[in-house]
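Trainee: Right, I'll just put the structure down here and ask away after.
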Amino acid sequence: MSFIDKIKNLIKPSVFEDVFVAELVAALSPERVRFDATERFLHSHDSSVFDEGNAGPICFPITTREVQTIMRISEKHGRSIVARGAGTGLAGGAIPLGAPVVVVMTKMNKILEIDIDNRVAWVEPGVINLDLSRYLQPFGFHFAPDPSSQQVCTIGGNVANNSGGPHCLAYGVTDAHVLALEIVLPDGEVATIGGLDPEPVGFDLRGAFIGSEGTLGIATKIAVRITKNPPTVRTLLLSFSSMRAAAETVSAVIAAGIVPAAMEVMDQRITIAVESFVGAGYPTDAAAVLLVEVEGLVDGVQIDASNIREIGFKHGATDVRVAETDNERELLWKGRKTAFGAIAQIAPDYYLHDTVVPRSALADVLEKVNEVAERYDLIVMNVFHAGDGNLHPLLLFDAREEGMLEKVHAAGAEIMRISLDAGGVLSGEHGIGIEKQAYMDELFTTEDLNHQNRLRYAFDPQCRSNPGKILPAGHSCADIQSLKNVPQGVWG
Amino acid sequence: MKATLKIDTVLNRFAEAVGPSLPIAIEGNRTRWGLNGLLKPGTSVISAPSGLVEYKPEEMIVTVRAGTTVQELDTCLADHRQRTSLPDRGGTVGGAIAVGHNDLHKLGKGSVRDAVLQLRYVSAEGKVITCGGPVVKNVTGFNLHKLMVGSFGTLGFIAEVTLRTNPTPLRQLWIQTSMDPKIIFDTLQRPSAILWDGTTTWVHLEGHPPDVDAQYALLTKSGKVYESETGPSLPAHRWSIPPVDIFSLEKTLMGRFVASIGVGTVWAEQPQEERKLDRATLTITERMKKQFDPTSRLNPGRNLGNWS
Amino acid sequence: MDLKLDSEELNTCVHCGLCLPHCPTFRITGEEALSPRGRIRLMQEIQTNDQMVTKEALASFETCIQCRGCEPACPSGVPYGSLIEQTRKTLVQENRILPRWQRIPYHVLTRPRLLRFLSRLLTIANKVHLIPKRFAIPKNIPFFNKPLIPSGTDVYLFTGCVMDAWQRETHQAGKRVLEHLGFGVTPTGDRVPCCGALHTHAGLGTKAQEIAENVINSLSDNERPILVDSAGCGAALKDYGHLLGTEEALAFSSRIFDIHEWVEKHIETFAVSSKLSLRVAIQDPCHLRHVQRSHRAVRNVLEPFVDEVIELNDDGLCCGAGGAFSIFQPDLASKARDQKIAVINEKQCDVVASANPGCSMHLQQGGIDIRHPMDIIDEAISLKTIPSDL
Ligand SMILES: Cc1cc2nc3c(=O)[nH]c(=O)nc-3n(C[C@H](O)[C@H](O)[C@H](O)COP(=O)(O)OP(=O)(O)OC[C@H]3O[C@@H](n4cnc5c(N)ncnc54)[C@H](O)[C@@H]3O)c2cc1C
Ligand SMILES: Cc1cc2nc3c(=O)[nH]c(=O)nc-3n(C[C@H](O)[C@H](O)[C@H](O)COP(=O)(O)OP(=O)(O)OC[C@H]3O[C@@H](n4cnc5c(N)ncnc54)[C@H](O)[C@@H]3O)c2cc1C
Ligand code: SF4
Ligand code: SF4
């Protein structure tokens, strides 16, 4: 222990915290720095089921410069930071571990520039995904990634989680739609990575940053690609008397060389819950429904739609309905996109999984998932991005029941293994966060993880940005250290 | 359960060849050998193993070793009417990814970085590292596989990749016109390339036959259009600029040029002025190189950001 | 602290956050504490953790406009309205919010003559600039009101408290429209001076129940439909069944119709012969759209009488009026209004229609030309008397 540390230990730890908070307040403003118990409690949670969050001071910056200052003050005090968007993450990415400064980006929510000629929009990270698409509507453009949470999640959060959505099947996930980023590094430096040109010079740091779940720094400006609205859109709703038939239809469509804009499957339980919320005319007696959207030029859309219809019938579809009006189509999508929320009608808690399997393995994997649920005596519901093999089994439960959480976690672990055994991966869009760290070494070797950590280190040598995430303990550089930096008891 | 390496002997032999010490370089077909600095003389040069590992047309993914030529890959995919976004100009798959340049049909085929799903490389320590995942959608862990695209073999030597494939459109058509390329870009829904040399515009249309015909018809409405055998011949140097800058750029800087409208790639007689990284980006770049190749043994002389 | 919340209701929230963008205070601030999810999470925590009854937590509840925009947005069907009403009720009972001096104005509402007297005082005080601007008092409170004369016994027209004192002209218009459709109208007048909506919102739940019983008693001598032209009052009256939990109250609530719902039901009897050349943007009062969910009716009844009915592009986000909200939280209220004004200005419209007096007054303060749909229809009908060759 150094001499200084010894002296520090003699002084009440809260004194240092007071100085720390005072510096933050001076740099931003009293209303935009909070450290009361209520704000800290609220910012210790996101949409995930994890409860171990512990937030330090909460900052609401409004400029890049303020973010820089927060980073510098935190560095000076040896404290870590965690960025937060709308807090809809499902893997606990925004949950603060070890009382870091929570940097809430929602007040940086300006659409800075729309550059139609270059097909680019510059936005601040707090802009809500759907707000951007709505803003672009009169220009005939939209932002393609459309997570089901798009009405609330921020583009900064989308970048950090490399979020997908139903329409990412044809268009690609967030990564394919972000051209450049202004980021503030944990040491307070600003870097612009990527570029509006197609092959920016240097390493693809933008590609490395996207999906890094806030562990490499904070994005403060984002240049996103904007996509022309398609001239024709056709939405088909196929009903099936078994989930297997629906899953096989999906595989068959892909195998036939058709890449629809979206292909989503919902099982009967979900369909019933959703229908009672939106009243979109979903068939509640079908064992599974498949929502397919094709878009593009009118003839091609016609051809694809009728091929899909045929494939559907060939694989046991009992009914194929085509949405006649925009309103009908919107309602169908509203149903799909509120599916997770609608679950509470059935049970008070859910644990939403997110794995990806090869599309040809869908039917088998789903059956195995059902077996697991049965064995653990849990209700499982399935609503998923079938087109890219992205499963979302939802385990329903009531957390107030004794021993329930353990059971749910054990079942979840089995589901992950089933997916890995089928040649899949741990997460298709929600990320690893704190949820799946423990499973990372089932997909990667120690050496692989070590290399991932090197990437992290190049951006954040002290591991002060969102410590304790993604990489399992023991593989991440100075995580442990930065988690311990908080004086005991001050923010406990 | 721990992940165990399911890596075949071919990759292991490649890893052994790379070894843990002494400078070493990797070559593909040397079609882009001169880019980004000259190799330090005296460095021994190896090449990546080649061959198709697995092709699942119904999954639209293919796994190949990096030394396979893009042409071989294309031939194999063509049997199932599929393709990838990698450009074929005589090089290897590993080279195409290491260089990261996109095909001139980028608007239709997509970009190289989006095609790479999983990647195995041999590290400076001579170990095989796996990153990404063999499915079309994946956010598991850090995106090392993205980092490898365009890194010119300076962080690791690409051994094997799993790529996304796409259906090859049923009809493809080159057309030629003197119409304003900007108007063409705004008019067409999804052309796969629009090339412009300052006077003439070449458009590559693809898709369902009736769609291609409809787009063609649409263009004939606004001006004179001719079918063409191929696109234009491309000058040697490659520029990368924001797409609309081509209309304001001083053309004498480029000499004869062909610009990809809506993309920002320009092929020109003159090379593009050196592009610089900002200070913070350079710092990350240097740290990255240090992390992955502390002794600078991989492709010594190649330099993407002026690290020392 | 036991907030006396129904634990099933409270636990329905899965914290998905889908309600956040529909919450005006979250839209303004981007802060979790000022969002429905944050408020619900605090309620949940407070139930088991007394330490969480902090001034910040109380502020979170007090800044809720109770517009209930979060409710239809919630796929889980969280009954947010009843959760926040109960929370505030308990907190008022425990004297944690709404200091006694702030409760005084609520007593005035149930005393029509006193209310009218004070209104006049207020008008004068306001005219001579005695009242600070932040207390958003409308400038055009009428000094005298023409009496509302009964014209028959087919339906009641519920006249309420503040609206009757400040916007009786709209009652007159609504009454004429109903008469035009052939209904004889009995205004409820001073017999039922107030519906108790503002009391419920403030957390004065017990007082609200008292008022509700009084209203039911006064209007239960027959089964006539009771029509309401104020969205806030309509929502409260329709909720008596839930508020009192009696069969009688339930039966009473089923007699309540928003005036637009009623007119829509009888729209065929309207002989429309003249249109106003107006493009009308619809501002949906929260308590019509999110609570009564009968905002479609406004469009359907207006459409025949105007050139164009224009939708605002904000999914019915609250304008910040919120009953007494604009008085106690002037800052948030005016920011919410700015948001609303911005979406109104996006559209080419001549006038904005709002079916709630609170919203109208609040938006008028922001310089928006706003009228009650009944006023517009009334004008259109009166045109009919003009010979068509003019
Ligand atoms: C009902 C529901 C449906 C969903 N559907 C989908 C779906 O279809 N597809 C999908 O992919 N996801 C989905 N999600 C998950 C979630 O909405 C997405 O991951 C979303 O992108 C998170 O955005 P956010 O703004 O809420 O970020 P947060 O949850 O606040 O943060 C997520 C991560 O991003 C980091 N972060 C946030 N802002 C920044 C920034 N500016 N710079 C750096 N790091 C930052 C945080 O540190 C954290 O690690 C869903 C969630 C819910 C609740
Ligand atoms: C006349 C001509 C025209 C061309 N036109 C185009 C065009 O229009 N569009 C286009 O996109 N490209 C074009 N190219 C470039 C070419 O198609 C690609 O860049 C090529 O695929 C590179 O592959 P290669 O095997 O030849 O690599 P090489 O030239 O051998 O190597 C290029 C770099 O990549 C490194 N490298 C090679 N293999 C590996 C590996 N396995 N792991 C790590 N690093 C590796 C090398 O060390 C070197 O630094 C053209 C080339 C020529 C000669
Ligand atoms: S109230 Fe409903 S929409 Fe809001 S967070 Fe809770 S469950 Fe989600
Ligand atoms: S009632 Fe209105 S202000 Fe209150 S939480 Fe719901 S949406 Fe927000």
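The values are calculated or read from the model by the stated rules, or taken from the named source; none is laboratory data. This structure is a prediction, so every number in the text was calculated from the model and none was measured. Cβ placement follows ideal geometry from the backbone for every residue including glycine, while neighbour counts extend to all protein chains displayed. Quick note on the areas: whole protein, heavy atoms, side chains included, nothing else; ligands and nucleic acids left out. Shrake-Rupley method; radii C 1.70, N 1.55, O 1.52, S 1.80 Å.
Trainee: Just checking, how many residues over segment A:121-147 are outside any helix (DSSP H, G or I) and within 12 Å of chain C (Cβ to nearest Cβ)?
Mentor: Looking only at that region, the number is 6.
Trainee: What single numbered condition from (1) more than 18 Å from the chain's Cα centre (by Cα); (2) more than 16 Å from ligand 2 (Cβ to nearest atom); (3) free of Cβ contacts under 8 Å to residues at least 60 places away in the same chain fails to hold for A:Val184?
Mentor: Checking A:Val184 against (1) more than 18 Å from the chain's Cα centre (by Cα); (2) more than 16 Å from ligand 2 (Cβ to nearest atom); (3) free of Cβ contacts under 8 Å to residues at least 60 places away in the same chain, the one that fails is (3).
Trainee: Which residue, of A:Arg244, A:Arg206, is outside the structural domain of A:Arg321 (by TED's automatic domain parsing), in a helix (DSSP H, G or I) and among the basic types (Lys, Arg)?
Mentor: Numbers: A:Arg244 fails: outside the structural domain of A:Arg321 (by TED's automatic domain parsing).
So the residue among A:Arg244, A:Arg206 that is outside the structural domain of A:Arg321 (by TED's automatic domain parsing), in a helix (DSSP H, G or I) and among the basic types (Lys, Arg) is A:Arg206.
Trainee: Only one of these is more than 12 Å from every other protein chain (Cβ to nearest Cβ), within 29 Å of B:Thr84 (Cα to Cα) and touching a strand residue (DSSP E or B) at 6+ places or on another chain (Cβ under 7 Å): A:Val322, A:Val265, A:Val298. Name it. Spell out the reasoning first.
Mentor: Values: A:Val322 fails: within 29 Å of B:Thr84 (Cα to Cα); A:Val298 fails: more than 12 Å from every other protein chain (Cβ to nearest Cβ).
Step by step, each of A:Val322, A:Val265, A:Val298 is checked, and only A:Val265 is more than 12 Å from every other protein chain (Cβ to nearest Cβ), within 29 Å of B:Thr84 (Cα to Cα) and touching a strand residue (DSSP E or B) at 6+ places or on another chain (Cβ under 7 Å).
Trainee: Something else: Yes or no: segment A:237-245 includes at least one residue that is closer than 26 Å to A:Gly157 by Cβ and touching a helix residue (DSSP H, G or I) at 6+ places or on another chain (Cβ under 8 Å). Spell out how you get there, then give the answer.
Mentor: First, the residues of segment A:237-245 that are closer than 26 Å to A:Gly157 by Cβ: none.
So far as segment A:237-245 goes, no, none of its residues is closer than 26 Å to A:Gly157 by Cβ and touching a helix residue (DSSP H, G or I) at 6+ places or on another chain (Cβ under 8 Å).
Trainee: Looking at segment A:436-444, is at least one residue in contact (Cβ under 8 Å) with a residue 60 or more places away in the chain and of a type outside the set (Asp, Glu)?
Mentor: Yes: segment A:436-444 contains one or more residues that are in contact (Cβ under 8 Å) with a residue 60 or more places away in the chain and of a type outside the set (Asp, Glu).
Trainee: In segment A:30-44, which residues are buried (at least 24 other Cβ atoms within 10 Å of the Cβ) and either within 13 Å of ligand 1 (Cβ to nearest atom) or away from every other protein chain (no Cβ under 14 Å) (or both)?
Mentor: Residues satisfying the conditions are A:Leu42, A:His43.
Trainee: Please find, among A:Arg309, A:Arg336, the residue that is open to solvent by less than 10 Å² (accessible area, probe 1.4 Å), charged (D, E, K, R) and part of a helix (DSSP H, G or I). Full working, then the answer.
Mentor: Values: A:Arg309 fails: open to solvent by less than 10 Å² (accessible area, probe 1.4 Å).
After applying the criteria, what remains is A:Arg336.
Trainee: Another question, then. Inside segment C:169-263, counting only strands (runs of 3 or more DSSP E) that do not spill past its ends, which hold 3 or more residues that are without any contact (Cβ under 8 Å) to a residue 60 or more places away in the chain?
Mentor: In segment C:169-263, C:185-187 are the strands (runs of 3 or more DSSP E) which contain 3 or more residues that are without any contact (Cβ under 8 Å) to a residue 60 or more places away in the chain.
Trainee: Does A:Asn162 satisfy being facing another protein chain (nearest Cβ under 7 Å) and either open to solvent by less than 20 Å² (accessible area, probe 1.4 Å) or at pLDDT below 95 (or both)? Even if it seems obvious, please write down each step before you answer.
Mentor: Numbers: facing another protein chain (nearest Cβ under 7 Å): yes; either open to solvent by less than 20 Å² (accessible area, probe 1.4 Å) or at pLDDT below 95 (or both): yes.
Answer is yes for this residue.
Trainee: Filter segment B:156-170 down to the residues that are under 16 Å from B:Arg81 (Cβ atoms) and not in a strand (DSSP E or B) and list them by number.
Mentor: Answer for segment B:156-170, where residues must be under 16 Å from B:Arg81 (Cβ atoms) and not in a strand (DSSP E or B): B:Thr165, B:Thr168, B:Pro169, B:Leu170.
Trainee: Mind telling me which of the residues B:Leu195, B:Leu205, B:Leu173, B:Leu117 ends up being in a strand (DSSP E or B), within 11 Å of chain A (Cβ to nearest Cβ), touching a residue at least 12 places away in the same chain (Cβ under 8 Å) and more than 30 Å from B:Asn299 (Cβ to Cβ)? Quick ask: steps written out before the conclusion?
Mentor: Numbers: B:Leu195 fails: within 11 Å of chain A (Cβ to nearest Cβ); B:Leu173 fails: within 11 Å of chain A (Cβ to nearest Cβ); B:Leu117 fails: more than 30 Å from B:Asn299 (Cβ to Cβ).
The match here is B:Leu205.
Trainee: Within segment C:23-36, work out how many residues are at the interface with chain A (Cβ under 8 Å from one of its Cβ atoms), within 14 Å of ligand 1 (Cβ to nearest atom) and either touching a helix residue (DSSP H, G or I) at 6+ places or on another chain (Cβ under 6 Å) or not acidic (Asp, Glu) (or both).
Mentor: Summing the residues that are at the interface with chain A (Cβ under 8 Å from one of its Cβ atoms), within 14 Å of ligand 1 (Cβ to nearest atom) and either touching a helix residue (DSSP H, G or I) at 6+ places or on another chain (Cβ under 6 Å) or not acidic (Asp, Glu) (or both) in segment C:23-36 gives 2.
Trainee: Within the bounds of segment B:264-282, is there any residue that is open to solvent by 30 Å² or more (accessible area, probe 1.4 Å), farther than 22 Å from A:Val120 by Cα, touching a residue at least 12 places away in the same chain (Cβ under 8 Å) and facing chain A (nearest Cβ under 10 Å)?
Mentor: Yes, segment B:264-282 contains a residue that is open to solvent by 30 Å² or more (accessible area, probe 1.4 Å), farther than 22 Å from A:Val120 by Cα, touching a residue at least 12 places away in the same chain (Cβ under 8 Å) and facing chain A (nearest Cβ under 10 Å).
Trainee: Something else about it: Would you tally the residues in segment C:80-90 being more than 11 Å from ligand 4 (Cβ to nearest atom) and within 14 Å of chain A (Cβ to nearest Cβ)?
Mentor: Number satisfying all stated conditions: 0.
Conditions (1) modelled with pLDDT under 95; (2) within 16 Å of ligand 2 (Cβ to nearest atom); (3) open to solvent by less than 30 Å² (accessible area, probe 1.4 Å), marked per residue:
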{"site": "B:Gly156", "(1), (2), (3)": "no, yes, yes"}
{"site": "B:Leu163", "(1), (2), (3)": "no, yes, yes"}
{"site": "B:Met179", "(1), (2), (3)": "yes, no, yes"}
{"site": "B:Thr201", "(1), (2), (3)": "no, no, yes"}
{"site": "B:Lys224", "(1), (2), (3)": "yes, no, no"}
{"site": "B:Gly231", "(1), (2), (3)": "yes, yes, yes"}
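Trainee: Among the numbered conditions (1) in contact with an Asp or Glu (Cβ under 8 Å, 6 or more places away or on another chain); (2) more than 7 Å from every other protein chain (Cβ to nearest Cβ); (3) in a loop (DSSP other than H, G, I, E, B); (4) buried (at least 24 other Cβ atoms within 10 Å of the Cβ), tell me where A:Gly188 comes up short.
Mentor: Checking A:Gly188 against (1) in contact with an Asp or Glu (Cβ under 8 Å, 6 or more places away or on another chain); (2) more than 7 Å from every other protein chain (Cβ to nearest Cβ); (3) in a loop (DSSP other than H, G, I, E, B); (4) buried (at least 24 other Cβ atoms within 10 Å of the Cβ), the one that fails is (4).
Trainee: Please enumerate the residues belonging to segment B:144-203 that are in contact with a Pro (Cβ under 7 Å, 6 or more places away or on another chain), over 27 Å from A:Leu216 (Cα atoms) and not hydrophobic (A, V, I, L, M, F, W, C).
Mentor: B:Arg171, B:Gln189, B:Asp197, B:Thr201
Trainee: Among the helices (runs of 4 or more DSSP H) confined wholly to segment B:1-111, which include 2 or more residues that are more than 20 Å from B:Ile129 (Cα to Cα) and either within 16 Å of ligand 4 (Cβ to nearest atom) or open to solvent by 20 Å² or more (accessible area, probe 1.4 Å) (or both)?
Mentor: B:70-78, B:106-109
Trainee: Could I ask something else about it? Considering every residue within segment A:356-370, establish whether at least one is assigned to a strand (DSSP E or B) and away from ligand 2 (no atom under 16 Å from the Cβ).
Mentor: yes
Trainee: Out of curiosity, is A:Arg65 free of Cβ contacts under 8 Å to residues at least 60 places away in the same chain, of a type in the set (Lys, Arg) and away from chain C (no Cβ under 14 Å)?
Mentor: Yes: the conditions hold for A:Arg65.
Trainee: Answer with yes or no whether A:Ala458 is facing another protein chain (nearest Cβ under 7 Å), over 15 Å from B:Gly132 (Cβ atoms) and of a type outside the set (D, E, K, R). I'd like the intermediate steps shown before the answer.
Mentor: On the way: facing another protein chain (nearest Cβ under 7 Å): yes; over 15 Å from B:Gly132 (Cβ atoms): yes; of a type outside the set (D, E, K, R): yes.
Answer is yes for this residue.
Trainee: Looking at this structure, is A:Ala245 farther than 22 Å from A:Ser47 by Cα and either within 16 Å of ligand 2 (Cβ to nearest atom) or within 11 Å of chain B (Cβ to nearest Cβ) (or both)?
Mentor: Answer is no for this residue.
Results for (1) surrounded by fewer than 16 Cβ atoms within 10 Å (Cβ to Cβ); (2) of a type in the set (Ser, Thr, Tyr); (3) touching a helix residue (DSSP H, G or I) at 6+ places or on another chain (Cβ under 9 Å), shown as yes or no for each residue.
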residue: C:Gly322; (1), (2), (3): no, no, yes
residue: C:Ser326; (1), (2), (3): no, yes, yes
residue: C:Ser334; (1), (2), (3): no, yes, yes
residue: C:Asn345; (1), (2), (3): yes, no, no
residue: C:Pro357; (1), (2), (3): no, no, yes
residue: C:Gly366; (1), (2), (3): no, no, yes
residue: C:Asp378; (1), (2), (3): no, no, yes
residue: C:Ile381; (1), (2), (3): no, no, yes
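Trainee: Quick check on this structure: which one of C:Arg39, C:Arg113, C:Arg88, C:Arg96 is part of a helix (DSSP H, G or I), over 21 Å from C:Cys359 (Cα atoms), open to solvent by 30 Å² or more (accessible area, probe 1.4 Å) and more than 16 Å from ligand 2 (Cβ to nearest atom)?
Mentor: Matching residue, one of C:Arg39, C:Arg113, C:Arg88, C:Arg96: C:Arg113.
Trainee: State whether one or more residues within segment A:71-89 are among the basic types (Lys, Arg), outside any loop (DSSP other than H, G, I, E, B), buried (at least 23 other Cβ atoms within 10 Å of the Cβ) and within 14 Å of chain C (Cβ to nearest Cβ).
Mentor: So far as segment A:71-89 goes, yes, one or more of its residues are among the basic types (Lys, Arg), outside any loop (DSSP other than H, G, I, E, B), buried (at least 23 other Cβ atoms within 10 Å of the Cβ) and within 14 Å of chain C (Cβ to nearest Cβ).
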